[in-house]
Amino acid sequence: MKISIVGTGYVGLVSGACLAELGHEVVCVDLDPSKIEMIASKHPPIYERGLQELLDRNVPARLTATTDLRKAVLESELSMIAVGTPFDGTLIDLKYIRQVAADIGKVLREKAGYHMVVVKSTVVPGTTAEVVLPILEQYSGKKAGKDFGVGMNPEFLREGEAIEDFMHPDRIVLGGIDDRSIDTLDRLYSVFNGVDLVRADPRTAEMIKYTANSLLATLISFSNEIANLCTVQKVDVADVMKGVHLDRRFSPILENGERIKPGFISYLWPGAGFGGSCFPKDVKALVAHGENGGVQMQLLRSVIDVNVRQPHKMIEILEQGIGDIGGVDITVLGVAFKPGTDDIRESPAISVIQGLAARGAKVTAFDPIARKEAEHMLGNSAVFSDTLADAISGAKAILVMTAWPEFKALPDLVGMSKDAPLVVDGRRMLFKSSLHNYAGIGL
Ligand code: NAD
């Protein structure tokens, strides 16, 4: 199929590159000309494992990029909307969605034949049918269902695993206002043989995405609340969680005695809080949406509250370990919100670094991938090192904020240093017995 994808960020670009790899003819559209130039010259504007290879193989034969939305929509049969949907402090901010819907609507006015418009961005229930559809009708002067189709196809990719997730989806949700819309989406994804498809109306599709994200965020905040309790109870939350994981409802036992370890149990693990461009804003948006509709959203409100407080636990643990941190050399390892990405949006490391700097600590930071973005955002709050070894040299304490695999070398590196800094493990990724001076969340 000929597809235009409007919004070439993490979701738009990964979807575009993968759909091109699968044989579709894709044009990515963005307002930002620098992104477009980079893609056209096969340079990924974001870090995502495998993306370079996809651009190398598909640009320009099946994947092109442009700022010209009109031409892209005119020359395609399906347009996907993949722009950001931030939280504005009160509600989900749909201004980018509205803008793109209006832009596509104007083009549909002059386009002959049926065109399919699909919302891929995460939007609160009702947005596709009650915001996007009317805008498309208003600007095109045409009728949804008759002249064009409208769909909602949420994206479940995880940054850092985005290409793997897109290429091997758990399920594909085909939300549509009518059978023709759903069938068009079905055709787009017909290349995925054997994947479970969920045919749904747009509201259900929108709700599936929020429910999935909110559940995972709830598991994390649950684990963190238990972790904080364990600290007071003087037990190690890692031992507690390992014991909980062994419930056969969480890790079923096969006939041969082996255990299956479902991915979700990795969310039942303590840490310094969740971040990124999805969980924080999506849970907040759902809470606001629910409460606006008169539903009490107590549980999900608490999920957010626990998460907002959690990064500060790192500073508390640090100060308990070494006292006043004013003028003290502290190293923060990892700024990306999770390993495998350069995304620092809402990363707990940001608030920790800012908190340390506000207390007068001399902060050195290191991230294997996200340095450029982090330096830009943090300004004078931290000095960045080129290597892990440089970053930890001379530190009185080291805070592990992102579970980058390279940080597993820390015990070896710290073991070599004379003055054994305190290591505060914000991801509980290191063996506590492997360091002289170890502290961590939930310990
Ligand atoms: P992003 O901020 O990385 O990218 C959005 C892009 O849209 C930007 O490049 C921006 O320049 C462009 N844009 C904005 N307005 C435009 C316009 N009028 N015309 C053309 N381009 C425009 O966002 P993202 O992380 O890719 O997220 C996009 C959506 O997907 C969000 O709703 C998000 O919640 C959802 N989502 C994200 C992830 C993820 O892991 N990042 C996963 C699943 C779903």
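Among 204-217, 70-83, 402-415, 242-255, how do they line up from the highest to the lowest mean number of other beta-carbon atoms within 10 Å?
Descending mean neighbour count gives 70-83, 204-217, 402-415, 242-255.
I'm a student and want to see the number: the projected area of the Cα convex hull of the stretch 298-443, averaged over all directions, in nm².
Computing the convex hull of the Cα atoms and averaging its projections yields 8.5 nm².
How high is the relative contact order of the chain, in percent, with contacts defined as C-alpha pairs under 8 Å that are six or more residues apart?
Worked out over the chain, it gives 12 percent.
Using a/c under 1.5 as the rounded threshold, could you call the stretch 97-201 rounded, prolate or oblate? The axes a ≥ b ≥ c are square roots of the C-alpha gyration tensor eigenvalues, and prolate needs a/b larger than b/c, oblate otherwise.
prolate
Karplus couplings for the stretch 278-295 from phi (6.51 cos²θ - 1.76 cosθ + 1.60, θ = phi - 60°), rounded to Hz, Gly and Pro as x?
10, 3, x, 6, 5, 5, 4, 5, 5, 4, 4, 5, x, 5, 4, x, x, 9
Scan around Thr364 for amide H atoms under 5 Å from its own, H built in the peptide plane at 1.01 Å from N, and keep only partners 5 or more places away or cross-chain.
Result for Thr364 returns Ile330, Thr331, Val332, Val383.
Per residue, how many Å² of accessible area does the chain show with a 1.4 Å probe?
I get 44 Å² per residue for this part.
In sequence order, what are the phi-derived ³J(HN,Hα) couplings for the stretch 151-160 according to the Karplus relation 6.51 cos²θ - 1.76 cosθ + 1.60 with θ = phi - 60°, rounded to whole Hz, with x for glycine and proline?
x, 9, 10, x, 10, 10, 4, 9, 4, x
Between the stretch 212-249 and the stretch 135-183, what is the separation of their alpha carbon centroids in Å?
Answer, in whole Å: 35.
Along the stretch 85-92, what does the Karplus equation 6.51 cos²θ - 1.76 cosθ + 1.60 (θ = phi - 60°) give for ³J(HN,Hα), rounded to whole Hz, x for Gly and Pro?
10, x, 9, 8, x, 10, 9, 4
Only sites in a loop by DSSP and with at most 14 other Cβ atoms within 10 Å count here; which trypsin sites (Lys or Arg not before Pro) in the stretch 106-182 make the cut?
Lys143, Lys146
Taking H placed 1.01 Å from N in the peptide plane, check which residues at least 5 places from Met80 or on another chain put their amide H under 5 Å from its amide H.
Ser4, Ile5, Val6, Val118
Using the alpha-carbon atoms, what tilt in degrees (0 to 90, nearest 10) does helix 95-110 show relative to the longest principal axis of the chain?
Its long axis makes an angle of about 20 degrees.
Using the Cα centre of the chain as the reference point, and only Cβ charges (+1 on K/R, -1 on D/E), how large is the resulting charge dipole? Debye, rounded to the nearest 20.
The calculated dipole for the chain is roughly 440 debye.
Before rounding to the nearest 500, sum -39500 (n - 2.57) across all DSSP H runs of length at least 4 in the chain and divide by the residue total; then give [θ] at 222 nm in deg cm²/dmol.
-12500 deg cm²/dmol
Pull up all non-local amide H partners of Val198: gap of 5 or more, or a different chain, and H-to-H distance under 5 Å with H placed in the peptide plane.
Ile172, Val173, Leu174
Ignoring any ligand, DNA or RNA, what whole percent of the accessible area of the stretch 5-128 comes from carbon and sulfur when the probe is 1.4 angstrom?
The C+S portion of the solvent-accessible surface of the stretch 5-128 is 53 percent.
From largest accessible area down, sort Ser4, Ser190; use a 1.4 Å probe on the protein chains.
Ser190, Ser4
How big is the chain along each principal axis, measuring the range of its Cα positions in Å and listing the largest first?
Largest first, the chain extends 73, 48, 46 Å along its Cα principal axes.
Please determine, in degrees from 0 to 90 and to the nearest 10, the orientation of helix 202-233 with respect to the longest principal axis defined by the Cα atoms of the chain, where the helix direction is its Cα long axis.
In the chain, helix 202-233 runs at an angle near 0 degrees to the longest axis.
Calculate the spin-label point distance for Arg57 paired with Asp196, positioning each point 7 Å from the Cα along the beta-carbon direction, and give it in nanometres.
With each label point 7 Å from Cα toward Cβ, the separation is 2.7 nm.
Taking the Cα centre of the stretch 145-204 as the origin and placing charges on Cβ (Lys, Arg +1; Asp, Glu -1), which of Gly160, Gly176, Val195 is farthest toward the positive end of the dipole?
Result: Gly176, furthest along the dipole toward the positive end.
Working with all protein chains in place, sort His376, His289 by solvent-accessible area computed with a 1.4 Å probe, largest first.
Descending accessible area places them as His376, His289.
Using only Cα atoms, find the angle between the long axis of helix 179-188 and the longest principal axis of the chain, and express it within 0 to 90 degrees, rounded to the nearest 10.
60
As a quick test, which of the pairs Lys42/Lys106; Lys95/Lys209; Lys106/Lys209; Lys111/Lys146; Lys284/Lys372 have an alpha carbon distance above 23 angstrom in this structure?
Lys42/Lys106; Lys106/Lys209; Lys284/Lys372
When every alpha-carbon pair in the stretch 272-373 is counted, what percent end up more than 23 Å apart?
Across the stretch 272-373, Cα pairs with separations above 23 Å total 37 percent.
Mind checking the full-extension length gain between Val308 and Met377? Use 0.36 nm per residue of separation minus the Cα-Cα distance, one decimal, nm.
22.9 nm
The values are calculated or read from the model by the stated rules, or taken from the named source; none is laboratory data. Fair warning: this is a prediction, and the values are worked out from it, not measured in the lab. We place every Cβ from the backbone using ideal geometry, glycine too, and count neighbours over all the protein chains shown. Keep in mind that these areas ignore ligands, DNA and RNA; they rest on the heavy atoms of the full protein, side chains included. Shrake-Rupley method; radii C 1.70, N 1.55, O 1.52, S 1.80 Å.
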